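Novice: Sharing a structure here in structure tokens format.
Just so it is clear, none of the values below were taken in a lab; they were calculated from the coordinates. All figures in this text were calculated on a predicted structure; none of them were measured in a lab. Neighbour counts run over all protein chains shown; Cβ positions are idealised from the backbone, glycine included.
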Amino acid sequence: MLEAASLESEAQRIIGRRGKLAIGLSAEEIRTIVRTLGRAPTDVELYAFDAQWSEHCSYKSSRRHLRKLPTDGPTVMQGPAEDAGILHLGEWQGQAYGVVIAHESHNHPSQVVPFEGAATGIGGIVRDVLCMGAEVIAIADPLRFGRLDDPHCRYVAQGVVDGIAAYGNAIGVPNIGGDVYIDSSFDENVLVNVVALGLVKQTDIIHSKAPAGSLGWDIVLVGKATDRSGFGGASFSSLTLDEADAQANKGAVQVPDPFLKNVIMRASYSVFAELRRRNITAGFKDLGAGGLAGCSAELVAAGGFGAHIDLDRAPTAQADLPAPVIAIGETQERLCWIVPPAFTPELLRIYNETFSLPLIARGACAAAIGTVTGTGRYVATYRGRIVMDVALDFLTEGVRYNRPYTIALPDAEPIGALRERIEPILAPLSRAAVLTRIVAHRDVCSRAAIFERYDGVVRGTTAVPPGYADAGVIVPIPGAPLAIALAVDGNPRYGRIDAQRAAELAVVEAVCNVAAVGARPLGLTDCLNFGDPTDPRQLGEFVAAVDGLAHAARELGTPFVSGNVSLYNQSKGGRAVAPSPIVACVGGIADIAKTATSAFKRPGSTLRYLGSPQGAFGGSVYAEIMNFSTTALPVPDYAVIRRAIALLNAAYARDLVYAAHDVSDGGLLAAIAEMAFPTLDGAPIGARLVAPGWAGDLLEREVWFAEYGGFIVEVSDDAAFAQLAAGFDVRAPAIGETIAAGEIGLSEPHETIGLAELREAWAAPLRDFYGTAA
């Protein structure tokens, strides 16, 4: 143990070399490490602490706030303590099934190297689900791009979409959902969030920790041979991007190999089956941020053990890799098992012989590289020398910050004052002209050019693919009627005004989207994309968003079972992304026959609205195209939303729903148009809408174009639906009917809007996404 003065001298030496070492540890964090160890850390230890204490791994600025989120409830099978959460789906043939869900970000890597960054984001989230003992069954991708008329932003967006498509298609997992928003705040910091779903029987769950009684068990590394790619990735993801360092940052981005992953997934399924056959409880975790040291340390620490790792036994892609690269490098397509020594030969045989990993990629294999110990320490050796020897609780618990924050609430604007100010703006354009501009808006127009790059139906389990409804739907259990719905949401235009309300509305819309296809909302995940947590204003936006998520989740009875925090989404110039809380909701469907797409089904059906119409134009597409500003965001009426969802679920169960669609970007008329567009390729079905007196004292333009949420429902038996609505105490006014014509008819004053021209305006803006024009 060195004297205090010597320790400070060692700390100062490291602090002075931070730039050259490319580490993100603060000066005080380095001092803490040196003082606690009583010596200077080795290079391996220093990089291990750099990864484990990064925002990406430790949540050091956010963890105290995340405790506000509800994580328990009757639908929860596994909460957010491990790599992924699990929600109860239902029972089939005496077995309880769970939906595994994980949500991640790969923002910084995707900005620097778009294709590889986005592809490895999919690779990482798939591993998180796989390691719970689950079969990976679906993915989704919420994306936030900069302005596509900027050549570099367009290049980034195209690379991201291609990376997601190339990886997801190659591993044979359908992409069933996602959303895209385009905003100038993402010019320098693209947001690439990814979601993965898995299916697991409750009895087959594998946990991300060393099992009880695993002292002396083997630690086995599986997958791609370690190389130099991805070294320092966790620290890189926890720093502000600097354009001047772009070339150097590329080395922190991993290199994907989806074909190898495809084989590893199938080999792992075989291992799962053999473990079940032998009744062995094992530990399993993916190598993500922090590499081998981070993964194996977290595995044994979670079980209350220690580890001894021989880095010389880790397969490498080239000779003489430095010990820090072997220990901390984030090479893709790797997993870590903790198994009894008696099972290790079988584990190695399955990966190396039955599935021939060494023949799939050079150096790929499964190899025993360490042992579980009872010391509570993490010890790693390299070429006969100890290169790491630290207490696991010190390494994995990291540091926690109680950073100051300021929550700035938007100025409230009474609805009366708002009307007086904007009513003269509302009148000049016809409703047809306004709607045409709305459906052509970058956040409303068709995303087909993007999602058609993905295989949404591979595996043959997809019942509702992307573009057909508010949520994707899959039927994952052969022969069973059980189905899963998935939706993702989060509007940056709302986040720019009020992060707390934006978070609430993201939860509300995600929940309503799965309800729109007949699913019962089961639970949520989140990815919280914000700026610099050392800036009190930006941290305040994060805190406000967490408060909004917690409030909405409790009101709707939908707990959070997984999530991710992505901070420092800010340029060196200080420009942060619009606050972007992005929420995914999983819904369960008891009978796949009781679902529907959002397209109109037949003429002569009554259209009813469920919800609370409001004259709130804050953050709306209408406000933008009409060039006025207001902070008046919609206010969720949770009692109304709960009853509307319950009614919709009951109506689906009674076969009273032909189609349902939520009111969101662009407002009610845009939603009606979206329900009609799919019918134009056959016998067109449009709508004739009644005068909007059903919405109380709202102005007509508020009814048609405000983004107040709720559902439009095409009902199959209007009398039965009205009676059911009364039983649920839901006001469900009739707002019109479907007609056998390609048009939307409005009254008072009468106006007809042609759907063919409207669909062309909707389809055109992103049709040339891969071209040169904006």
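Novice: Based solely on C-alpha atoms, express the radius of gyration and the Dmax of the chain in angstrom.
Specialist: 26.6, 87
Novice: Right, another one. Just for the stretch 596-774, what percent of DSSP beta bridges are antiparallel, to the closest 5?
Specialist: Among the beta bridges of the stretch 596-774, antiparallel pairing accounts for roughly 90 percent.
Novice: Additional query: Can you order the peptides 476-483, 154-161 by their average number of other Cβ atoms within 10 Å per residue, highest first? Please report the intermediate quantities before stating the final value.
Specialist: Working: 476-483: 16.5, 154-161: 22.5.
Packing order, densest peptide first, comes out as 154-161, 476-483.
Novice: Now, a different point. In whole Hz and in residue order, list the ³J(HN,Hα) couplings for the stretch 630-644 that follow from phi through the Karplus curve 6.51 cos²θ - 1.76 cosθ + 1.60, θ = phi - 60°; x for Gly and Pro.
Specialist: Once rounded to whole Hz, the list reads 7, 9, 6, 8, x, 10, x, 9, 5, 5, 5, 5, 4, 5, 5.
Novice: So, counting K/R as plus one and D/E as minus one, what does the shell of residues with Cβ under 12 Å around CYS295 add up to?
Specialist: Taking every other residue near CYS295 into account, the sum is -1.
Novice: On to the next question. If you fit an axis through the alpha-carbon atoms of helix 718-727 and take the longest principal axis of the Cα set of the chain, what angle between them do you get, 0 to 90°, nearest 10?
Specialist: Approximately 60 degrees, to the nearest 10.
Novice: Here is a further query. Does the stretch 376-528 come out rounded, prolate or oblate, given a ≥ b ≥ c as the square roots of the eigenvalues of its C-alpha gyration tensor, rounded meaning a/c under 1.5 and, failing that, prolate meaning a/b above b/c?
Specialist: Values: a/c = 2.70, a/b = 1.43, b/c = 1.88.
Oblate.
Novice: Hey, another quick one. Please arrange LYS224, LYS20 by how many other C-beta atoms lie within 10 Å of their C-beta, fewest to most.
Specialist: Numbers: LYS224 28, LYS20 7.
Fewest-to-most ranking of LYS224, LYS20: LYS20, LYS224.
Novice: From the phi of every residue in the stretch 478-486, what ³J(HN,Hα) in whole Hz does the Karplus formula 6.51 cos²θ - 1.76 cosθ + 1.60 yield, where θ is phi - 60° and glycine or proline is x?
Specialist: Values per residue, Gly and Pro as x: x, x, 9, x, 5, 9, 10, 10, 9 Hz.
Novice: Additional query: Among ASP320, ASP526, which comes first, second and so on when ranked by fewest other beta-carbon atoms within 10 Å?
Specialist: Ascending number of Cβ neighbours within 10 Å: ASP320, ASP526.
Novice: Which lysines, on any chain, are close to LYS209 with Cα under 16 Å apart, when same-chain ones fewer than 8 places away are left out?
Specialist: Once the sequence-local lysines are set aside, what remains near LYS209 is LYS285.
Novice: Another one. As a test of the formula, what do you get for the chain when each DSSP H run with n ≥ 4 contributes -39,500 (n - 2.57) and the sum is divided by the residue count, at 222 nm and rounded to the nearest 500 deg cm²/dmol?
Specialist: -10500 deg cm²/dmol
Novice: Show me the ranking of peptides 383-393, 300-310 by mean Cβ neighbours inside 10 Å, starting with the highest.
Specialist: Order by mean packing, descending: 300-310, 383-393.
Novice: Using only the alpha-carbon atoms, how far is helix 4-16 inclined from the longest principal axis of the chain? Give it as 0 to 90 degrees, nearest 10.
Specialist: Compared with the principal axis, the helix lies near 50 degrees.
Novice: Further question: Just check the stretch 596-774 against the gyration tensor rule for me: Cα atoms, a ≥ b ≥ c as the square roots of the eigenvalues, rounded for a/c under 1.5, and otherwise prolate or oblate depending on whether a/b exceeds b/c.
Specialist: Judged from the Cα gyration tensor, the stretch 596-774 comes out oblate (a/c at least 1.5, b/c at or above a/b).
Novice: Would you compute, for the Cα atoms of the stretch 4-58, the largest minus smallest coordinate along each principal axis and list the three values in descending order, in whole Å?
Specialist: Its Cα atoms span 32, 22, 18 Å along the three principal axes.
Novice: Moving to a separate point now. Consider all pairwise Cα distances in the stretch 56-127 and report the whole-number % of them above 14 Å.
Specialist: The share of Cα pairs beyond 14 Å in the stretch 56-127 comes to 71 percent.
Novice: Hey, what do the phi angles of the stretch 615-627 turn into as Karplus ³J(HN,Hα) couplings, whole Hz, using 6.51/-1.76/1.60 and θ = phi - 60°, x for Gly and Pro?
Specialist: Working through the residues one at a time gives x, 9, 9, x, x, 7, 5, 4, 4, 5, 6, 8, 6 Hz.
Novice: May I ask for the net charge around VAL640, where only other residues with Cβ less than 12 Å from the Cβ of VAL640 are counted and Lys, Arg are +1 while Asp, Glu are -1?
Specialist: 0
Novice: Here's another thing I want to ask about it. Restricting things to Cα coordinates, could you compute the convex hull volume per residue of the stretch 294-430 in Å³? Each step should come with its number before you reach the end.
Specialist: Numbers: hull volume 39.8 nm³, N = 137.
Value for the stretch 294-430: 290 Å³ per residue.
Novice: Over the stretch 653-732, what is the relative contact order in whole percent, taking alpha-carbon pairs under 8 Å and six or more residues apart? Before the final figure, lay out each step's value.
Specialist: Working: 77 pairs, mean separation 38.2, N = 80.
Relative CO of the stretch 653-732 lands at 48 percent.
Novice: Still on this structure, I have one more. Using only alpha carbon pairs under 8 Å that are at least six residues apart, calculate the relative contact order of the chain and give it in whole percent.
Specialist: Taking the mean separation of contacting Cα pairs over the length of the chain, I get 15 percent.
Novice: I would also like to ask the following. Any idea what angle helix 499-516 forms with the longest principal axis of the chain, computed on alpha-carbon atoms, 0 to 90 degrees, nearest 10?
Specialist: 70
Novice: For the stretch 4-58, calculate the relative contact order in percent as a whole number, restricting contacts to Cα pairs under 8 Å that are 6 or more residues apart.
Specialist: 39
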